[in-house]
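Notes to accompany the following structure.
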Amino acid sequence: MSGQSLLQERIQLFNDAVRMKKTHRIPQVSNFWTWKILDSEYKLSEALFDYNKMEKVMCDFHERYQFDGYLDLGTRNPVKVTSALGGNQYLVDDEKEVLNIHDQVFMEAEEYPELAQNPVKFLWTKILPRKYKKMTEAGALESFKNTTNEMLAFAEYNTKITKKFTDEYQVPEMLNIYGGGVILHPFEMLFNFLRGIKGLSIDIRKSKETLMEAMDAMYEMFVKPSVLALEGKTPETAAFDMYSALLAHSILSTKQFGEIYWPILKKVIDKLVETNKTMYIFSESTMMRFCEFFQEVPKGHLVIHTELDDIFELRKKLPNVCLAGGMPADLLGKADVKTCVDYAKKLLDELGRDGGFIFSQNKMMSFRYDCKRENLLAVSDFVRNYRL
Amino acid sequence: MVDLEALSQAIGDLNETRVLALLNDFVATNPDREEAQQVVNACQRGMTLVGDLYETGEYFVGDLIFAGELLNNAINILKPVIGGENNSKVGSIVLGTVQGDLHDIGKNIFKSMIEAAGFEAYDLGHDVTPGAFVEMVRKVKPQVVGMSGVLTLALDSMKAVIEELVGAGLRDSVKIIIGGNPVSKVACEQIGADAFTTNAAEGVKLCQGWVR
């Protein structure tokens, strides 16, 4: 690795990992979310509503633990933007140290045809006024202006923190914002933002045809442009070309996944393969049930970050896919340093020896007792210095 | 009289159209309470079929949510002919999503299935404080306490509930089951619960084992 900058070294490590090549050390990605605020001098609301404080949280966190990549740079929860428009989906509780999000149900099953006909128009005219009450009240224009300013401030923070991490800390971006970027499967959009868990579960049984038509229209409008952008060049500061998060698959049976979820995801993966690009899939819940689908993906294009699977068993089932995760929150939060480091060594030895592994935490680390600082310091130090 | 086996199978198949048609036809015959109770029992057997199909992997979480809705609709149709209080409960359970956690889908799925299995469920909702659990246990004296959560912080909240039950001298009077994303064998032991599950159908069977 001589002659390389640390940024180049890190990008090379991630690229070798996803391509299933052996690496001299295992790269580690931070799956820390609001825990890093609780590990700082600030309360949740102080950091979430002040970009200068959030920047300090991020910088202190990196200087303390020195991960090779970050799933969150303090940009996941744009509470100032949604608050400006009267959205109340974020519930920040400093006393309980919790950031909760309500299940979001803003459309009815009967509205799928309208969504399918023109997704953008439907979102602007139906969903946004329901979600953001200020859009329908007196002074809506002023609220919209304030929201635009908040959006710009959020974008400015996003650009600033990303640049600081790539330039100063030599930490790559997790995705190519000018190429594939972040994609969200239409079923995820319906699950997370429009129909909620219960509504969507019922729709699968009662409105499947119109649901599928709406998903096709949403794919064309919101996903396909990112897929086509994969034909562009990968910038020198990004570890992966595309990033996606899976949560809604957790309500589907294997058969339903094959009918409802996989066809669109396969289109994305086919394009990744065709353009020889890579994607980091952050998967909540389990993926083991869906291995048969991912087994057909050519080696070297996907990372799957798993939450609840036995990662050692998943490795056996998916020898063609780079795995991320593995370090249990149970141990980081409750066990002693030695137990944590011993388990980290087992992960590196068993999953990293032949390549195709990125070390990370299994859960989205969000609450105070998810992790002890001394455990994280010892584990991140060990992983950074361990040579296979 | 409705074909009870066909009704159970229609619920097991999650065939809403058939279930509602069978029940509406049945109610239109102005049945007596004994007949109505047989129909309720057939619906419960249908939910057992749903649980069995969940365990084989044929059904998953979304199907359980749909099954819960289907059962609610079925019971609503039957309400006029069931009459008042149903005294044939096999046991009782106090349920809730613990403090700090707003996720109640899993708890609601479990509630549908445990009610279908003949339990009286006292649902405290979500973000439930330890004190509210203790108060309800003291009031209704259930055989089982069920605590649910999705966030990892739920484990600490579950532990706090058990500590309060111990403090109130009520721990030994109930069996405690914990469920949801973060629960595990290790967590169950640390918390001091009697059982854990991430599978609603399995949770129902555990509770049934305790009240036999």
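Just so you know, all these numbers are worked out from the coordinates, no wet-lab data involved. Everything numeric here is computed off the predicted structure, so don't read it as measured data. Heads up, the Cβs are rebuilt from the backbone with ideal geometry, glycines too, and the neighbour counts pull from every protein chain shown.
Taking one equal scatterer on every alpha-carbon of the range A:1-76, how large is log10 of I(q)/I(0) by Debye at q = 0.14, 0.20, 0.21, 0.28 1/Å? The calculated log intensity ratios at q = 0.14, 0.20, 0.21, 0.28 Å⁻¹ are -0.54, -0.84, -0.88, -1.27. Ranked by how many other Cβ atoms sit within 10 Å of their own Cβ, fewest first, the residues A:271, A:133, A:121 fall in the order A:121, A:133, A:271. Extending 7 Å from Cα along the Cβ direction at residue A:45 and again at residue A:266 yields two label points whose distance is 5.0 nm. For the range A:188-260, the list of trypsin sites (Lys or Arg not before Pro) that fall in a loop by DSSP and count at most 15 other C-beta atoms within 10 angstrom reads A:233.
Look at B:158, A:364 and count the other Cβ atoms within 10 Å of each Cβ; fewest to most, that gives A:364, B:158. In summary, the convex hull built on the alpha carbon positions of the range A:201-325 has an orientation-averaged projected area of 7.9 nm². Taking one quarter of the surface of the C-alpha convex hull of the protein assembly as shown gives a mean projected area of 28.5 nm². On the principal axes of its alpha-carbon atoms, chain B has extents of 53, 35, 29 Å, going from largest to smallest. Placing one equal scatterer on every Cα of the range A:195-251 and applying the Debye formula, the log10 ratio I(q)/I(0) at q = 0.23, 0.24 Å⁻¹ is -1.01, -1.05. Rg ratio for the range A:1-157: its Cα radius of gyration over 2.2 N^0.38 Å, N being its residue count, equals 1.36.
Over 19 Å between Cα atoms: which of A:43/A:80; A:121/A:208; A:163/A:372; A:22/A:372; A:126/A:267; A:208/A:317 fall into that group? Table pairs above 19 Å Cα-Cα are A:121/A:208; A:163/A:372; A:22/A:372; A:126/A:267; A:208/A:317.
Taking N as the residue count of the range A:75-119, its C-alpha radius of gyration divided by 2.2 N^0.38 Å amounts to 1.58. Counting only Cβ charges, +1 for Lys and Arg and -1 for Asp and Glu, the dipole size of the protein assembly as shown around its Cα centre is about 1100 debye. Listed by number, the DSSP H helices of chain B that run 27 Å or longer by alpha-carbon position along their axis and have mean Kyte hydropathy of at least 0.0 are B:61-82. Each residue in B:75, B:93, A:127 was given a count of other beta-carbon atoms within 10 angstrom of its own, and listing them fewest first yields B:75, A:127, B:93.
When the charge dipole of the range B:1-158 is built from unit charges on Cβ atoms (+1 for Lys and Arg, -1 for Asp and Glu) and taken about the Cα centre, the candidate among B:126, B:137, B:20 whose Cα reaches farthest toward its positive end is B:137.
When the Cα atoms of the range B:91-211 are aligned to their principal axes, the ranges along those axes come out at 29, 28, 24 Å in descending order. Ignoring aspartates and glutamates fewer than eight residues from residue A:316 along the same chain, the ones with Cα atoms less than 18 angstrom from its Cα are A:292, A:296, A:307, A:349, A:350, A:354.
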